[in-house]
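Here is the structure we will look at.
The values are calculated or read from the model by the stated rules, or taken from the named source; none is laboratory data. Being a predicted model, the structure only gives us computed values, none of them experimental. All Cβ positions, even for glycine, are placed from backbone atoms using ideal geometry, and neighbour counts span all protein chains on display. Side chains included, ligands, DNA and RNA excluded: accessible areas come from the protein's heavy atoms. Shrake-Rupley method; radii C 1.70, N 1.55, O 1.52, S 1.80 Å.
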Amino acid sequence: MRTLGGGLLGYAQFPGGPPATDGVVINYRAFGTTGTAQAPFDKGRTATHEIGHYFNLRHIWADTPDCSGSDMVADTPNCAGPNYGTPSWPHITCNNGPNGDMFMNYMDYTDHAAMFMFTAQQVLRMRTALDAARSGLG
Amino acid sequence: MAGKDAEQAQLFGTTWVHVFEEDSSQGAMYRSEEDDIPLSRRPRERFQLERNGVARVLIPGPDDRYVEQPAKWSEDKGDVVIRPCTGKPSLRIIAQSPSRLIVRAQQPGDS
């Protein structure tokens, strides 16, 4: 066991990767809502985000530096890149108006206070992972 | 000479992390991973240097784990310059103290 250094909040592994590195890792300073948790990462959303990866969710901007990628979920608007902090609504990119980037989604990079939702298709994708690659959990 | 040796040992024995909050007109600030670096969702690029000219640039991947990008380093006009094999801009270390580096990104062909 060691401290997660360098200011990193956490990371995970998608289904199907090597068993030796499978799992979710979260910085104790960004975990939970009390104790060692530090603002603005003190509402437990680091775990929500990383477990989303563990259940096969991608970042909503699809980790591309433009509008070319897809997070493989139909009901998250295409967007150009990550959002940070607590953005003002709407933040329009990739012709995704009028509502713009879904920066309140758990799979963006905003502060915990600014994120509060998965979409129905993201939930379906996670359920599919639970029924298949992660079926060993149940 | 001992000071130079210690400086080099620190350079090679450390994972250097971009602390963008401390960037200035001089360049980008990198600090040792062991320092108390603020939490950030914005990814922090990192690098490691080996004495044999190998460098590793680490960038966050799609599951937030760091992904290694191969690179090489060499000395140029007294500075250490890291050249990623991916064609991304080189990183020139223009100043060094025991736990901090100031780094300038430069496009191929820049001096």
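The table below lists the values:
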item: Residue in the range B:47-63 that is among the acidic types (D, E) and modelled with pLDDT of 95 or more present; result: yes
item: Where B:S90 falls short, out of the listed (1) polar (S, T, N, Q); (2) within 23 Å of B:D35 (Cβ to Cβ); (3) surrounded by 15 or more Cβ atoms within 10 Å (Cβ to Cβ); result: (2)
item: Selected residue [among the charged types (D, E, K, R) and in contact with a helix residue (DSSP H, G or I) (Cβ under 8 Å, 6 or more places away or on another chain)] from B:D64, B:D76, B:D36; result: B:D64
item: Unique match (being in a loop (DSSP other than H, G, I, E, B) and over 17 Å from the mean Cα position of the chain (by Cα)) among A:A74, A:A39, A:A62, A:A80; result: A:A39
item: Top-ranked residue in the range A:5-25 [being more than 10 Å from chain B (Cβ to nearest Cβ) and either free of Cβ contacts under 8 Å to residues at least 40 places away in the same chain or surrounded by 13 or more Cβ atoms within 10 Å (Cβ to Cβ) (or both); ranked as nearest to A:I51 (Cα to Cα)]; result: A:G23
item: Filter result for the condition that a residue is open to solvent by 60 Å² or more (accessible area, probe 1.4 Å) and within 11 Å of chain A (Cβ to nearest Cβ), over B:D23, B:D63, B:D36, B:D5; result: B:D36
item: Some residue of the range A:27-34 being touching a residue at least 60 places away in the same chain (Cβ under 8 Å) and open to solvent by 20 Å² or more (accessible area, probe 1.4 Å); result: no
item: Single residue of the range A:94-129 satisfying the filter (open to solvent by 60 Å² or more (accessible area, probe 1.4 Å) and in a loop (DSSP other than H, G, I, E, B)) that is nearest to A:A47 (Cα to Cα); result: A:F116
item: Within the range A:107-121, considering residues that are free of Cβ contacts under 8 Å to residues at least 40 places away in the same chain and of a type in the set (A, V, I, L, M), the one nearest to A:A30 (Cα to Cα); result: A:A114
item: Of residues in the range A:78-116 being closer than 13 Å to A:W61 by Cα and hydroxyl-bearing (S, T, Y), the one farthest from the other protein chains (Cβ to nearest Cβ); result: A:T93
item: Failed item in (1) open to solvent by 70 Å² or more (accessible area, probe 1.4 Å); (2) more than 14 Å from chain B (Cβ to nearest Cβ), with A:A132 passing the rest; result: (1)
item: Residue satisfying all of: in the range A:35-51; more than 10 Å from chain B (Cβ to nearest Cβ) and farther than 14 Å from A:D111 by Cβ; least open to solvent (accessible area, probe 1.4 Å) among these; result: A:A47
